[in-house]
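Notes follow the structure.
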Amino acid sequence: MKVVYRPGGMRQALQMELWFTENLEIAADMRLQLRVERTLHSETSEYQKIDVLQTASCGRMLVLDDVIMTTEFDEFAYHEMIAHVPAFAHAGPRTALVIGGGDGGTVRELCKHANLEEIHLCEIDRRVVEVSKEHLPSIAASFDDPRVKCFYEDGAAWAKDHPESYDLILVDSSDPVGPAAVLFGEPFYEDCYASLRDGGILATQAENLFMHREIIERLLQYGEKFFQRRFYYNTRVPTYPGGMIGFTFFAKGQNAPDPFINLEKRYQESELKAQDFRFWNPATHKAAFALPAFASELEKYLA
Ligand code: SPD
């Protein structure tokens, strides 16, 4: 974490403010800064630096290798969209795998789906789960659900070793540097395809349309190579670069689902109600797939 000290405004001339500056390699010359009140936890695990900071305006924040993973303020906009969009798009998912996602937010959202019988989390760094349980209890809220099993292993190897096993695979990864780099490679997408059952859906954290066009295009090319249906969708997260982040949505098989079919019907027939969500609803679900005009060239990869 780079800590920047700078004087407050006129009326706080004697008070020093503590700012966290994100150090995101793929954000070029832009840096997000948040005012921090104190450090709640800091360690270097076998894989990465893990910090939990109390911010002034975004609640608690999980930071891995100086990159913001999630904050209590806006985490729902990310976790609800990575989880519910594929979960409602599938006709009846019974098994789900989350790769990464050690803070537990994606697992928490999946647990709201009564039809899911098994939810596996494969997180390489056990300490992310342990630290999140201790310091981010509202996010790491569902690890005690009996359907959830945690495996502290390499997610890429896990997908390779579990063919035809899952209806949903959600890749809730950090960025393509450090431990998550392998999750942005072609072999991983091929292995995820093999690890899905027919009709299964892979949704992966896929960065920002303004800033990471090359990364996104590469992921969509992998999608085109292996998957029968392909979409890209976005959500809004103020504490990610540019305030937005996208996901690939790839589905397997000749009858692979599209994300819109029977959406309202599935929602009405589920046990879920409007009060179970803060961001997802059928309207945000559908709107998330609208590509801005400047990105319309990506449509050539979608089907
Ligand atoms: N630039 C950071 C992107 C991080 C996406 N994953 C965050 C994990 C939240 N569960």
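Just so it is clear, none of the values below were taken in a lab; they were calculated from the coordinates. Remember, it's a predicted structure, so these values are computed and weren't measured experimentally. No Cβ is skipped: glycine too gets one built from the backbone with ideal geometry, and neighbour counts run over all protein chains shown.
Using a cut-off of 26 Å between Cα atoms, the listed pairs K160/K273; K49/K133; K112/K133 include K160/K273 as exceeding that distance. Neighbour counting of Cβ atoms within 10 Å sorts the residues W19, W158, fewest neighbours leading, into W19, W158. For the options D145, D154, D29, a Gaussian network treatment of the chain with springs between C-alpha atoms closer than 10 Å singles out D29 as fluctuating the most. Percent antiparallel among DSSP beta bridges with both residues in the chain, to the nearest 5? Given both bridge residues lie in the chain, the antiparallel proportion sits at roughly 65 percent. Over segment 122-163, the hull volume per residue, using the convex hull of the C-alpha atoms, is 69 Å³. Spin-label pair E190-N281: with each label point 7 Å from Cα along the Cα-Cβ axis, the two points sit 4.4 nm from one another. Roughly how large, in nm² to one decimal, is the mean projection of the convex hull of the alpha-carbon atoms in segment 132-202? Convex hull of Cα atoms, orientation-averaged projection: 5.7 nm².
Sorting M61, M30 from the fewest to the most surrounding beta carbons within 10 angstrom yields M30, M61. At full extension, M30 and D198 could sit 56.3 nm farther apart than now, given 0.36 nm per residue minus the alpha carbon distance. The Cα trace of segment 263-303 gives Rg and Dmax of 14.0, 39 Å, the first to one decimal, the second as a whole number. Set against the 2.2 N^0.38 Å expectation for a compact globular protein, segment 227-303 has a Cα radius of gyration ratio of 1.23. Once you put a point 7 Å from the Cα of E130 and another 7 Å from the Cα of Y47, both along the Cβ direction, what distance in nm separates them? A separation of 1.4 nm, rounded to one decimal place. Remark: spin-label model distance V182-M16 equals 4.2 nm, labels positioned 7 Å along the Cα→Cβ axis.
May I ask you to derive the FRET efficiency for D145 and E269 from their Cβ-Cβ distance with R0 = 22 Å, giving the value to the nearest 0.05? E between D145 and E269, to the nearest 0.05, is 0.55.
Kirkwood analysis of the Cα pair distances in the chain returns a hydrodynamic radius of 19.6 Å.
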